[in-house]
Amino acid sequence: MSRHLDEAAVRTPATTVSLLRWLRRQLREPTPQRERLEAAIENDDPAEVRRIVGRMSFNDAQRRHIDGLLDQWERER
């Protein structure tokens with residue numbers, strides 16, 4: 001068995017990284033809600049992320065940004 005992992009298997013799409021970084025900046029404290037969001041992102045579940053984020057209070061600019069990241073993530077899937 002090769003010691004090298006398949007590059008595609010370990011590659012994290014840039015949009016996913018951007019999404020995680022943005023959410024971590026917005027939700028600085030590690031809360032159960034943030035943990036659920038991170039788990040949904042890691043499990044490639046944009047519908048769950050949308051559901052969770054939909055219940056959160058963001059200003060209009062933040063909402064447009066997160067929606068744009070989620071739209072891009074779904075297109076890349």
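For the modelled label position 7 Å from the Cα of Glu35 along Cα-to-Cβ, which residues of region 41-77 have backbone nitrogen atoms closer than 13 Å? Nothing falls inside the zone, counting backbone N under 13 Å. Using a probe of 1.4 Å, the accessible surface attributed to Leu20 totals some 30 Å² when neighbouring protein chains are kept in position.
What full-extension length gain, to one decimal in nm, is calculated for Trp22 and Phe58 as 0.36 nm per residue of separation minus the Cα-Cα distance?
Values: separation 36, 0.36 × 36 = 12.96 nm, distance 1.23 nm.
Between Trp22 and Phe58, full extension yields an extra 11.7 nm.
The values are calculated or read from the model by the stated rules, or taken from the named source; none is laboratory data. Predicted model only: the values in this text are computed from it and were never measured. Backbone-built Cβ (ideal geometry, glycine too); neighbour counts: all protein chains shown. Calculation scope for accessible area: heavy atoms of the full protein, side chains included, ligands and nucleic acids excluded. Shrake-Rupley method; radii C 1.70, N 1.55, O 1.52, S 1.80 Å.
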